[in-house]
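Everything on this sheet refers to the single structure shown next.
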């Protein structure tokens, strides 16, 4: 029921599809942003606005494709802080969103994707065709009040914030780090010492969201109000 309610809101946001709409989903590491984005895309794919193409009218473009490569992080001395705001190409992400916003009917926009098996970004992995009327993008720092990140929020029509049960989020995050190569001990330490400060910064942005999605369903505080 919650997904149906969220899908209905996204469909309303897209309107008649005459212009491309950008929906952002923010939240801390492990909050379920990607899961929600994929579920929304799947739920909406076959219910396009009038005149839009089923399946092709909605696209998913994650922020994670703008991770700096490990080689760059080592060169900058930031490898031990991977996932912090300054370990992403925020300007590149904002530029991509601006291209999507421009909605050129003759241009397919290619976006990078983060490959978890490699723990590295891959350029040009996601194609956003001109037929895409709704683009769902998700990541930690969509609402961060920082000069490097403010242009991101400025391109988005609406931003939702994922706020699941905190214990569940932490458990999921540790399990994900273990799945992709860390020992349980290393994973727990990374979640505490690296992901923890990042999660606190992200949590402080929830009040800027248009919608807060909790474990019990959506709560609408209005952008700029406390969640």
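In table form, for the structure just shown:
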| item | result |
| --- | --- |
| Every residue from the range 99-119 that is exposed (fewer than 14 other Cβ atoms within 10 Å of the Cβ) and touching a residue at least 24 places away in the same chain (Cβ under 8 Å) | 104, 105, 106, 116, 117, 119 |
| Filtered residue count, the range 175-216, keeping only those that are over 18 Å from the mean Cα position of the chain (by Cα), outside any helix (DSSP H, G or I) and free of Cβ contacts under 8 Å to residues at least 12 places away in the same chain | 3 |
| Residue match in the range 161-174 (condition: within 26 Å of residue 72 (Cβ to Cβ), surrounded by 15 or more Cβ atoms within 10 Å (Cβ to Cβ) and touching a residue at least 12 places away in the same chain (Cβ under 8 Å)) | yes |
| Meets criteria (free of Cβ contacts under 8 Å to residues at least 12 places away in the same chain and under 21 Å from residue 210 (Cα atoms)) for residue 12 | yes |
| Exclusive hit being under 20 Å from the mean Cα position of the chain (by Cα) and loosely packed, with under 14 Cβ neighbours inside 10 Å, set 94, 42, 28, 90 | 42 |
| Pair list, Cβ < 7 Å and 6+ apart or interchain, from the range 22-42 residues that are at positive phi to residues that are surrounded by fewer than 24 Cβ atoms within 10 Å (Cβ to Cβ) and in a loop (DSSP other than H, G, I, E, B) | 32/164 |
| Some residue of the range 69-82 being under 20 Å from residue 126 (Cα atoms) and buried (at least 20 other Cβ atoms within 10 Å of the Cβ) | no |
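FYI, it's all coordinate maths here, none of it is from the lab. Since this is a predicted model, take the numbers as computed values, not measurements. Neighbour counts run over all protein chains shown; Cβ positions are idealised from the backbone, glycine included.
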